[in-house]
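First up is the structure itself, then whatever we jot down about it.
What follows draws every value from the coordinates through simple rules; no lab data is involved. Since this is a predicted model, take the numbers as computed values, not measurements. Please note: Cβ atoms are built from the backbone with ideal geometry, for glycine as well, and neighbour counts cover all protein chains shown.
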Amino acid sequence: MALTDTFVKNVKYSGAPAGDKHTDGGAMYLLVNAGGKYWRMNYRFGDKRKTLAIGVYPAVSLAKARQRRDKARELLADGTDPSAVKRAEKQSATLASANTFELVALEFLATKADAWSPGYAEKWLRGMKKDLFPYVGKLPIATITPPMLLDALRKCEKRGAIESAHTLRQTAGQVFRYGIQTGRCERSPTSDLQGALKPVTTKHMAAILEPVKVGELMRTIEAYKGQPTTRVALALSALLFQRPGNIRQMEWAWVDVEQAMLTIPSQDMKRRKHQKINGRPHLVPLASQALAHLKELRPITGHGRYVFPSLLTGERPMSDNTVNVALRRMGYSKDEMSAHGFRATARTLMIERMPGISADVIEAQLAHEKSGPLGSAYDRAEFMEQRRAMMQTWADYLDKLRVGADVIQLKTA
């Protein structure tokens with residue numbers, strides 16, 4: 001007699017040591033014991049009597065149990081052991097759970113620990129945790145389709161982070177390539193998403209590029225009434241045109257007054273990890289004007305580590321936003337000038353207004369890595385004498401603009 005939903009729901013355990021068996025037909029029965037209610041199916045395969053565990057009630061209903069029984073009977077009819085199929089499916093599910101996108105991504109990140117800088121690795125993982133792991137992280141990497149990945153990336157787009165969405169497509173591609181290499185998936189869905197995202201509108205760092213306006217900026221810096229350390233940081237940003245991080249993190253140990261040289265250690269430069277370890281320090285010749293600013297500041301901060309220490313604690317350098325905030329207080333909007341913009345200002349005016357200075361010399365002083373067959377040519381030819389002359393000429397040019405002298409083209413010494 002076939003079972004009914006009402007009977008299965010209400011039947012109680014009688015207390016029999018072996019449990020109570022209630023048959024349903026097709027060799028399936030409901031086993032009721034102290035632990036609960038279990039669907040089972042007895043069958044023979046290869047002259048051996050076997051029992052297939054079909055599921056647990058109520059998670060598996062009577063109807064669902066019958067479907068599984070019928071599937072098992074079809075397998076037997078085809079000469080296949082349903083218990084072997086179930087073991088294979090379980091192993092496949094276990095393997096899939098160990099090969100989720102998140103776990104493969106974390107494994108890939110671990111392989112890059114020695115090659116990536118801690119800062120880049122942290123940024124890479126932060127993007128994954130924020131925008132990909134919550135949506136595809138728990139899925140087996142082999143099951144993720146282009147539409148599934150695109151849906152996650154478009155969530156990033158919707159909040160206006162267009163560039164981040166493109167970056168995430170690239171970083172996801174790294175994970176899928178690693179998954180292919182290690183046998184966890186066969187292809188990457190990222191290749192099918194080429195052109196699916198909104199295009200990135202490149203926006204250059206705000207910078208003042210007209211000589212007259214640069215002169216106004218230098219006068220405004222000279223008249224700055226805020227912290228003296230901030231005023232000097234602004235002035236040195238213009239004079240040295242180094243990356244904002246290298247300006248604010250400048251240490252007194254890097255300053256050699258006698259040699260008029262600022263030596264930035266390789267590990268503090270924007271370089272790949274192996275370059276940080278094996279590269280040479282970046283040298284910045286100090287013009288007389290830069291030395292004068294440092295001399296002014298030494299009685300104030302020279303007792304500590306940093307040239308521009310935090311106002312809260314001398315154990316840290318000034319905030320990465322201090323110079324930008326000062327520019328806003330001076331009346332320059334974020335679309336007019338930025339801390340990073342001093343680099344573009346220097347490069348543009350030297351190229352356009354100071355003939356005789358080689359672009360290679362400027363690029364070397366900017367610490368831009370040179371691409372192409374020459375590779376890191378600057379590591380072998382640092383143009384130090386030319387750079388010394390260029391830095392003094394640049395400082396003199398800024399002085400002329402500041403005092404309002406005629407804007408003339410200067411030649412290097």
Below 14 Å, Cα to Cα, which aspartates and glutamates can Lys155 reach? Residues fewer than 8 away in the same chain don't count. Asp131, Glu163
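Test of understanding: what is the full-extension gain from Lys130 to Met330, defined as 0.36 nm times their sequence separation minus their Cα-Cα distance?
Details: separation 200, 0.36 × 200 = 72.00 nm, distance 3.59 nm.
In short, 68.4 nm is gained.
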With point charges of +1 on the Cβ of Lys and Arg and -1 on the Cβ of Asp and Glu, referenced to the Cα centre of segment 297-366, which listed residue (Tyr332, Gly304, Ala359) lies farthest in the positive direction of the dipole? Gly304
Could you tell me the relative contact order of segment 218-334? Use alpha-carbon pairs under 8 Å, at least six residues apart, and round to a whole percent. 27 percent
Could you tell me the distance between the Cα centroids of segment 329-357 and segment 122-149, to the nearest Å? 40 Å
Pairs of alpha-carbon atoms within less than 8 angstrom and 6+ residues apart define the contacts here; what relative contact order does the chain have, in percent? 12 percent
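List, in the order given, every pair from Lys90/Lys123; Lys90/Lys129; Lys9/Lys129; Lys48/Lys90; Lys86/Lys130; Lys112/Lys334 whose Cα-Cα distance in the structure shown is over 32 Å. If you can, show how the numbers build up before the last one.
Values: Lys90/Lys123 36 Å; Lys90/Lys129 29 Å; Lys9/Lys129 44 Å; Lys48/Lys90 22 Å; Lys86/Lys130 36 Å; Lys112/Lys334 36 Å.
Violating the 32 Å limit, Cα to Cα: Lys90/Lys123; Lys9/Lys129; Lys86/Lys130; Lys112/Lys334.
Which length gain, in nm to one decimal place, applies between Val85 and Ser266 when the Cα-Cα distance is subtracted from 0.36 nm times their residue separation? Could the numbers behind the result be given before it?
Numbers: separation 181, 0.36 × 181 = 65.16 nm, distance 5.87 nm.
Extra length from Val85 to Ser266 when fully extended: 59.3 nm.
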With R₀ set to 41 angstrom, the calculated FRET efficiency between the beta-carbons of Ala34 and Leu106, to the nearest 0.05, is 0.45
Cut-off 19 Å, label point 7 angstrom out along Cα-to-Cβ of Thr143: give me the residues of segment 171-188 whose amide nitrogen falls inside. 176, 179-180, 183-188
Restricting to Cα pairs below 8 Å that are 6+ residues apart, what does the relative contact order work out to for segment 101-193? Please round to a whole percent. 32 percent
Any helix of the chain counts here only if DSSP assigns it H throughout, its Cα atoms span 27 Å or more along the axis, and its mean Kyte-Doolittle hydropathy is at least 0.0, and such helices are none
If r is the Cβ-Cβ distance from Asp70 to Lys123 and R0 is 60 Å, what FRET efficiency results, to the nearest 0.05? 0.65
Between Thr51 and Asn321, with labels modelled 7 Å along Cα→Cβ, what's the label distance in nm to one decimal, could you check? 6.7 nm
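Based on the mean of other Cβ atoms within 10 Å per residue, sort peptides 11-21, 220-230 so the most packed one is first. Spell out each step's value before the answer.
Details: 11-21: 11.1, 220-230: 14.9.
Per-residue mean Cβ counts within 10 Å order the peptides as 220-230, 11-21.
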Where the centroid of each part is defined by its Cα atoms, how far is segment 43-61 from segment 214-243 in Å? 80 Å
Just from its helices, what would the mean residue ellipticity at 222 nm be for the chain, if runs of 4 or more DSSP H residues each count -39500 (n - 2.57) and the sum is divided by every residue, rounded to the nearest 500 deg cm²/dmol? -15000 deg cm²/dmol
Given (i) 34.5, 108; (ii) 22.7, 74; (iii) 20.8, 66 as candidate values of Rg and Dmax of the Cα atoms in Å, which corresponds to the one derived from the coordinates? (i)
